[in-house]
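Heads up: the structure comes next, in structure tokens.
The values are calculated or read from the model by the stated rules, or taken from the named source; none is laboratory data. Just so we're clear, the structure is a prediction, and the values are computed from it rather than from any experiment. Positions of Cβ are backbone-derived with ideal geometry, glycine not excepted, and every protein chain shown enters the neighbour counts. Please note that ligands, DNA and RNA were not included when accessible areas were found on the heavy atoms of the full protein model with its side chains. Shrake-Rupley method; radii C 1.70, N 1.55, O 1.52, S 1.80 Å.
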Amino acid sequence: RDVMKQMLAAIRFTHESGLIHRDVKITAFRFRAAHAAAPLVLFDYGLCCVSASAPRARAIVGTPEYIAPEMGSGVYDDKVDVWSVAVCFYGMLTASFVFDVAAGQSGLRLVKRAEVERALTKPALEAAPPLAVACMKKLLVFDSRLRPTSAEAHALVRDDDTWRASANSPSSADLKQGAHAVLLHKTKTSTAINVSHPERQ
């Protein structure tokens, strides 16, 4: 809950500052110090761009496993970051991606609606805290028009006893030991794409 709230706060701040990050991924977040209460920080703004009030033509950029479906059209807004942070949440809950990019595959590979639907029925989600899963599902919406803004998403994660209770509920299955390390390694070795687009001309 605390990590999800801080990740969404970072995205919200980025958008309120008039930017779209465009490469939100697990490895773009770091704790400010090596202790349990250290705040989480978003960095790596190398692919960011200025936001606008409506979707418009932009470069297609980002790390393939985290790219929102609408980015493939080259017309998108800051909700691409909401999708990417939802993929981070999905990874935290299941130690896997919504979809995998084959090793060595280059170029653009976009997630398909059927892949998202399959991912949302993964057994690992049944063992995760119900409110965390519900929050992630509200953000991982294929149609960007139905996806919440970063401010709306941030408001979903409340610091109340309901989240605490669900976080302490017993799991029916444990994730395979080392599964999150494998996910982090895949993220680190995935190559970001940057497809030429009118934004660059």
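Residue under question is residue 131, and the condition is that it be open to solvent by less than 70 Å² (accessible area, probe 1.4 Å), over 25 Å from residue 40 (Cβ atoms) and of a type outside the set (D, E, K, R); does it hold? No.
Could you check the stretch 19-52 and list, in sequence order, the residues that are aromatic (Phe, Trp, Tyr) and open to solvent by 20 Å² or more (accessible area, probe 1.4 Å)?
31, 43, 45
Within the stretch 13-47, being more than 13 Å from the chain's Cα centre (by Cα), over 16 Å from residue 92 (Cβ atoms) and basic (Lys, Arg) holds for one residue alone: 32.
To keep it simple, each residue is scored yes or no on (1) open to solvent by 10 Å² or more (accessible area, probe 1.4 Å); (2) farther than 25 Å from residue 17 by Cα; (3) at pLDDT 95 or above; (4) out of contact with any helix residue (DSSP H, G or I) (no Cβ under 7 Å at 6 or more places or on another chain).
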position	(1), (2), (3), (4)
54	yes, no, no, yes
58	no, no, no, no
74	no, no, no, yes
80	no, no, yes, no
85	no, no, yes, no
97	yes, yes, no, no
105	yes, yes, no, yes
108	yes, yes, no, no
124	yes, yes, no, no
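For residue 62, the conditions (1) of a type outside the set (Val, Ile, Thr); (2) within 28 Å of residue 126 (Cβ to Cβ); (3) surrounded by 22 or more Cβ atoms within 10 Å (Cβ to Cβ); (4) touching an Asp or Glu at 6+ places or on another chain (Cβ under 7 Å) all hold with the exception of (2). For the stretch 27-80, which residues satisfy the criterion of being within 20 Å of residue 150 (Cβ to Cβ) and of a type in the set (Val, Ile, Thr)? Selection gives 27, 41, 50, 61, 63, 67, 75, 80.
Residues that are touching a Lys or Arg at 6+ places or on another chain (Cβ under 6 Å): find the helices (runs of 4 or more DSSP H) completely inside the stretch 1-119 holding 2 or more of those.
Correct list: 79-94.
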